[in-house]
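Participant: After the C-alpha cells below, expect a handful of questions from me.
The values are calculated or read from the model by the stated rules, or taken from the named source; none is laboratory data. Values in this document were obtained by computation on a predicted structure and should not be read as measured data. So basically every Cβ, Gly included, is an ideal-geometry build from the backbone, and we count neighbours across all protein chains shown. These area figures cover heavy atoms from the full protein model, side chains too; ligands, DNA and RNA do not enter into them. Shrake-Rupley method; radii C 1.70, N 1.55, O 1.52, S 1.80 Å.
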Amino acid sequence: MTENTFQAFTYPEADGYGQLELKDDEKVILVTNDDGYSALGINSLVESLRGLGRIIVCAPDSPRSGFSSSFTCTRPVTLQRLSDDGEVAVYACSGTPVDCVKLALHRFFHHRQPDLIVSGINHGGNDSICVMYSGTMGAVLEACAVGVPAVGFSLLNHSPQADFSASVSITRSITQQLLDHPMPKGVVLNVNIPAVNDIKGIRVCRQAAGVWIKEFHHLEGEENDGIASFQVTGEYLNTEPESTDTDRYWLDHDYVSVVPSFVDYTCHERLADFNYLEK
C-alpha cells in the first residue's frame, strides 16, 4: 500500500482486544515516550514507578521527537513484546507516540482502562509553546481525548546521556499522588523538571507565551538552483518575561512546573467576536 492508496483502501473491522490479563485489584500504568523504548529517560521513569502497580511500556522502536499528535494511517504499524518480568512488560511499536497509546489501549485492554498513562521522561523541555510539537505530550493529549488520566514528564536536558537522578523522586511522587487522587475528566498534566540537582519545589502554573525564532540553519545548496538543505535549530523567545505565574518563570527559578492541559482548541472568550459570520 502506498501513501496515495489510503483513501481507497477498505480496512477490516477492528479486532484483537484484551490481550493482557490484568487484575482488577491492582493499579495499571501505561508508559510511553517519544525518544524510544531504549532511551535513558523512559527507563529511569519505569524504575521510579516500580512498586506502584503493573507497568505496561508501549514506546516507539526509535526516536520520534517532534511528532506531536501525528499517527500512522497510510501503512501498518508493528508491535513486539521485548520483555516481561511480571511487573514490567515492554513493547516496541513502529509508530508514533500517539500510535503507541492508541494501539496499546486497543490491543492490551478490554474490560478496564489503565489507571494512568505516563509519558516521558523526555530528553528536553516541553514547556511553553513546545507542547505543540512534543510527541511526549502528543501521547498525553491522546489519552486526554479518550478520557484516560495522563501526565507527561520532561527534563530540561536534551542530551541522550542526561542525568535523571534528580528527576525520579519527582516522577514517582507525582505519579503516586495522581493514582491516589483521581484527576478531573478532560484534564491532563504537563510536568517539566529543571536540569539541576537542587530542585526548590513544585509550582502549578500556566503555559508561558513564547515563540521559536531563527529556526533553521542553512547547511548547503541553493533552492533556486537545485536543492538546499537545512537543519532545524532555533532560539526560544519568551514574549512575557516579566510574568511570574508561568512555567518558564518557575523553571528558570529551579522549580518543577505543573501545567494542567486539555484538548479543547476553542477560543471561548472570542466566540461572540465572530457572530457576524452567522446567517
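Residue-wise test of (1) in contact with a Ser or Thr (Cβ under 7 Å, 6 or more places away or on another chain); (2) buried (at least 19 other Cβ atoms within 10 Å of the Cβ); (3) part of a loop (DSSP other than H, G, I, E, B).
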| site | (1), (2), (3) |
| --- | --- |
| Gly95 | yes, yes, yes |
| Val98 | yes, yes, no |
| Val101 | yes, yes, no |
| Ala104 | no, yes, no |
| Pro114 | no, yes, yes |
| Gly125 | yes, yes, yes |
| Leu141 | yes, yes, no |
| Val148 | no, yes, yes |
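Participant: Looking at this structure, is Pro241 open to solvent by less than 90 Å² (accessible area, probe 1.4 Å), assigned to a loop (DSSP other than H, G, I, E, B), modelled with pLDDT under 95 and not aliphatic (A, V, I, L, M)? If you could, list the steps in order and put the result at the bottom.
Facilitator: Working: open to solvent by less than 90 Å² (accessible area, probe 1.4 Å): yes; assigned to a loop (DSSP other than H, G, I, E, B): yes; modelled with pLDDT under 95: yes; not aliphatic (A, V, I, L, M): yes.
Against the criterion (open to solvent by less than 90 Å² (accessible area, probe 1.4 Å), assigned to a loop (DSSP other than H, G, I, E, B), modelled with pLDDT under 95 and not aliphatic (A, V, I, L, M)), Pro241 qualifies.
Participant: Based on what the data block shows, is Ile129 open to solvent by 10 Å² or more (accessible area, probe 1.4 Å) and either assigned to a strand (DSSP E or B) or not polar (S, T, N, Q) (or both)?
Facilitator: Working: open to solvent by 10 Å² or more (accessible area, probe 1.4 Å): yes; either assigned to a strand (DSSP E or B) or not polar (S, T, N, Q) (or both): yes.
The answer is yes for Ile129.
Participant: Looking at segment 153-175, which of its residues are of a type in the set (S, T, N, Q) and in a loop (DSSP other than H, G, I, E, B)? Show your work before the answer.
Facilitator: We begin by selecting, within segment 153-175, every residue of a type in the set (S, T, N, Q); these are 154, 157, 159, 161, 165, 167, 169, 171, 173, 175.
Selection gives Asn157, Ser159, Gln161, Ser165, Ser167.
Participant: Contact list please: Cβ distance under 9 Å, first residue in segment 132-161 and at positive phi, second residue in a loop (DSSP other than H, G, I, E, B) and basic (Lys, Arg), pairs at least six apart or on different chains.
Facilitator: Sorted first by the residue in segment 132-161, then by its partner, the pairs are Gly147/Lys185.
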